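For reference, the structure discussed in these notes is given below.
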Amino acid sequence: MNINLKENQKIFFASDFHLGSPDHKTSRKREDKIIKWLKSIEDEAAAIFLVGDLFDFWFEFDTVIPKGFIRFMGKIAQLRDKGIPIFFFTGNHDLWMKDYFTKELNIPVYHNPINLEINHKRFLIGHGDGLGPGDNQYKILKKFFTSKTCQFIFKWLHPDIGLAIAHKWSSHSRSSNMAKNEDKFLGNDEWLWEYCKNVENKMHFDYYIFGHRHLPLELPVGKNSKYINLGEWISQNTYAEFDGEELKLKTFEK
């Protein structure tokens with residue numbers, strides 16, 4: 001994929017909205033802020049990349065999708081009708097996203113990292129879960145959750161039951177991560193940073209853009225590359241902006 005920016009155009013990246021968490025009232029406030037951010041960038045946006053965990057849980061039954069998030073979806077639909085390309089990536093919380101957004105809004109959904117070129121700069125973009133060394137327990141769980149058998153069984157649960165189970169699991173996952181201080185900088189043990197270094201030894205990218213860590217980071221990868229982690233919108237409201245020459249991490253404060 002190649003994108004060439006026109007004058008005054010920019011590319012925007014964000015991740016980890018976790019809409020639906022931890023409760024309806026809190027999520028609605030976050031949803032309003034995300035919509036304000038989308039409104040603030042739409043006149044400049046050549047494309048918007050939303051890099052996983054947009055929803056705290058998502059599953060597409062054959063004829064049913066989770067209730068809620070209608071304002072966010074309406075804004076996304078309006079941006080697509082305006083002709084702005086939008087790209088979704090699945091994360092560990094919404095990995096059961098299928099083709100609903102592609103069919104309804106012509107938004108491609110990526111389940112693995114992709115590489116592309118923007119104004120002759122090379123990017124590798126993905127959510128980041130399951131990459132790099134370690135975290136073998138999650139990697140095993142991911143294989144289980146992404147299996148056709150698991151999805152088939154879950155599909156036959158009544159949505160009220162299935163979504164209740166899923167949200168309880170999601171809450172447990174967040175609590176477990178907080179207990180392990182996984183939102184703290186790990187120094188040389190930052191496994192996504194290590195993953196980027198390993199990729200760079202084989203193939204050059206100017207920018208590595210990931211989410212998942214809930215920690216805004218900008219770290220060097222070799223001499224001429226950067227690893228950017230986009231942070232989250234539960235408390236930080238961080239995103240990245242590329243103007244054709246430089247990529248910057250920013251905070252939305254309105």
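Within a straight-line Cα-Cα reach of under 28 Å, Lys197 can be paired with the following lysines, leaving aside sequence neighbours fewer than 8 residues apart in one chain: Lys10, Lys121, Lys139, Lys142, Lys143, Lys180, Lys184, Lys223, Lys226, Lys248, Lys250. Spin-label model, Ile153/Lys6: points 7 Å from Cα along the beta carbon direction are separated by 5.2 nm. Select one label from (1) 0.99; (2) 1.05; (3) 0.94: the one whose number is Rg/Rh (Cα atoms, Kirkwood Rh) as derived from the coordinates shown. Looking at Rg/Rh (Cα atoms, Kirkwood Rh) for this model, the match is (3). Between amide H atoms placed 1.01 Å from N, distances below 5 Å from Ile118 occur with Ile3, Phe123, all of them 5 or more places distant or on a separate chain. For the pair Ile35 and His120, label points projected 7 Å from Cα toward Cβ lie 4.2 nm apart. Helices meeting the span-like rule in the chain (full DSSP H runs, Cα extent of at least 27 Å along the helix axis, mean Kyte-Doolittle score of -0.5 or higher): 159-179. With a point put 7 Å past each Cα toward its Cβ, work out how far Lys67 is from Asn224 in nm, to one decimal. In this crude spin-label approximation the distance works out to 5.5 nm.
Heavy-atom surface analysis with a 1.4 Å probe gives the chain a carbon and sulfur content of 52 percent of its accessible area. Of all beta bridges that DSSP places with both ends in the chain, some 45 percent have antiparallel geometry. Annotation: lysines with alpha-carbon distance below 18 angstrom to Lys29 (same-chain offsets under eight excluded): Lys39, Lys67, Lys75, Lys254.
Calculated accessible area for the chain comes out at 52 Å² per residue, all protein chains present (probe 1.4 Å; ligands, DNA, RNA ignored).
Summary of packing: across the peptides 82-92, 11-21, the per-residue average of other C-beta atoms within 10 Å ranks them, highest first, as 11-21, 82-92.
Rounded to the nearest 20, the size of the Cβ-charge dipole of the chain about its Cα centre is 400 debye, with Lys and Arg at +1 and Asp and Glu at -1.
Taking the helices alone, the chain has a mean residue ellipticity at 222 nm of -10500 deg cm²/dmol, built from -39,500 (n - 2.57) per DSSP H run of at least 4 residues and averaged over all its residues.
Ranking Pro159, Ser147, Gly91 by how far each Cα lies toward the positive end of the dipole of the chain (charges on Cβ) leaves Pro159 at the top.
The residues neighbouring Ala240, those whose beta-carbon lies less than 15 Å from its own, together hold a net charge of -3 under the Lys/Arg +1, Asp/Glu -1 convention. The gain in end-to-end length when the Asp43 to Ser235 segment is fully stretched comes to 66.6 nm, 0.36 nm per residue minus the alpha carbon separation.
The values are calculated or read from the model by the stated rules, or taken from the named source; none is laboratory data. What you see is a predicted model; the values in this text were computed from it and never measured. A quick note on method: Cβ atoms are made from the backbone with ideal geometry, for glycine too, and the neighbour counts reach across all protein chains shown. Just so you know, the surface numbers come from the protein's heavy atoms only, side chains and all, with ligands and any DNA or RNA stripped out. Shrake-Rupley method; radii C 1.70, N 1.55, O 1.52, S 1.80 Å.
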